């Protein structure tokens, strides 16, 4: 795209008032929100199930897994959100602009996310049914899973789920506070914690787990799923740009979902507007940093609680007993009431994640379809969104019943498919567009103001190398083992 097409002389300059004045200092705290939605979506199965289980099986020596997973994905989410602030379009449209053959990135993304989305939502629905079965044992868990799925879809369809999200958020906060308390009560000391985070050890699976056939012999089968869904997977980084769109940061103000950028308007951005956009970039940096800090602390706390409570009891939560076994985290400290509270709050975290998934995946897939199949763009966005909801409702009904009571296995599969396989490609595409494509939309003066710092390149290259290594070497090794 030539710069001449971006700055047509016959069009008046973009009105600076179209971009809101960004807050500064402590006032930034008043507009933070997309990061909290990001946390509400990804603090779910990865933290409630995978982190305590990995802590129980591998101990705190594996704390580097969630740490490195969250820190590297932070750069993908933040870089994508920065692009959204500066252009007004989400990450899927961003990735469609990757240099090279047309849509060479989006075709594998569409195929991979169509499959991983169906499996991941089914995994959370399956786990939710198991946790609900803890309270209503007279009803089969798959019926409960279906009920939860259809209820969530109905709310997402209507767009009216703020009250439920508030209630879920309160319960999620309860479980986070409780897990912190358990982690503190079983605290191994700063030395082991530091070694666990920065030692990069790969612990052996203990004899008790192998003897009971609770865990496969390869520790990577515990490490890879947790790495995949720490801070969410591929889709979570895409959804973060959607939450930024909804918040109206920068160029997203007044725009809706499913709209590509307006190259003509970007070419008209003045110096004053560019400075405002740079201010909104600082806001989104604070927002994403807050979400990352929460994710690191919470996930590590769950892992420490699992290592301190479930490890000594030689329990690796699995299958239909997963809710009962996980309830020991609170039960050993606060008795039966504590056990009930853990299961209830964990159920809330899973339902909150399911809400985020059913709100996010239809948007992601609708964006892919709109770009890859131009005729889809003629269909109203709401119809595209609801069509995917119906398809996912059907897939959940089939998978939750046919795959049986295997919440841990399903969650681990969903985590690897969504969180690992496409992440290197995501990091590569985001980096190429941020540095090679986005600058073309602006005048020379604006380009200098909005130029991303070199640290973004470092973070994205690190994410590409880290997840590329796990995809190329450790996933095949774990499957073979």
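Values in this text are rule-based calculations from the coordinates and carry no lab data. Owing to the predicted nature of the structure, the values given are computational and were not obtained by experimental measurement. Heads up, the Cβs are rebuilt from the backbone with ideal geometry, glycines too, and the neighbour counts pull from every protein chain shown.
Going from the residue with the fewest nearby Cβ atoms within 10 Å to the one with the most, 73, 451 rank 451, 73. Among 43, 197, sorting on how many other beta-carbon atoms sit within 10 Å of each Cβ, with the fewest leading, yields 197, 43. The relative contact order of the chain comes to 37 percent, based on Cα pairs under 8 Å that sit 6 or more residues apart.
Between helix 106-135 and the chain, what is the angle of the helix's C-alpha long axis to the longest principal axis, kept within 0 to 90° and rounded to the nearest 10? Tilt of helix 106-135: around 40 degrees. Rounded to the nearest 10 degrees, the angle from helix 234-247 to the longest Cα principal axis of the chain is 50 degrees.
Between residue 262 and residue 26, the contour length at 0.36 nm per residue exceeds the Cα-Cα span by 81.8 nm. The angle between the Cα long axis of helix 220-229 and the main principal axis of the chain comes to about 40°, on a 0 to 90 degree scale. Computed on the Cα atoms alone, the convex hull of region 442-481 gives a volume of 62 cubic angstrom per residue. Subtracting the Cα-Cα distance of residue 297 and residue 135 from their residue separation scaled by 0.36 nm leaves 55.4 nm.
Look at 319, 287 and count the other Cβ atoms within 10 Å of each Cβ; fewest to most, that gives 319, 287. Computed over every Cα-Cα pair of region 408-476 and binned at 5 Å starting from 0, the pair-distance distribution P(r) comes out as 3, 16, 20, 17, 13, 11, 8, 6, 4, 1, 0 percent.
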